[in-house]
1. Rank these for me by crowding, 48, 16, 36, going from fewest to most other beta carbons within 10 Å.
2. Would you mind listing how long segment 10-108 runs along its three principal axes, going by Cα atoms, in whole Å with the largest first?
3. For a footprinting-style exposure proxy, rank 70, 29 by other Cβ within 10 Å, fewest first.
């Protein structure tokens, strides 16, 4: 068994790999679907952003981000985050665990492969389940 030692912590490495296969948006807006990665336990979950409202009680740029985790049953969550945290610019710690969150760009998602136009579709012979016997 080969163990590769790296200075990159696990969640950071997961985010690097995700950015190779998932098209992310640079900005997160209401109505966007975000991908959330948590460290312990390692979880990947989608959520839809319902509302982003300024937190005037805090100095600086903090926002109440209301979202619904697309789980069964759906779960409403309100997190207070800075813009770089809910836009995927930085990994943040919440409740002692590292988290990553960024909006997915479904318009740039890789389309499913289509059959080559030169090849003709194969016709399947229909088997008859019943026969008429005289």
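1. Numbers: 48 15, 16 10, 36 18.
By the 10 Å Cβ count, ascending: 16, 48, 36.
2. Each principal axis gives a Cα extent; for segment 10-108 these are 37, 29, 28 Å.
3. 29, 70
Taken together, the values in this text are just the output of simple stated rules run on the coordinates, not laboratory data. Just so it is clear, the model here is predicted, and its values are computed rather than measured. Neighbour counts are summed over all protein chains in view; Cβ atoms, including those assigned to glycine, are modelled from backbone coordinates with ideal geometry.
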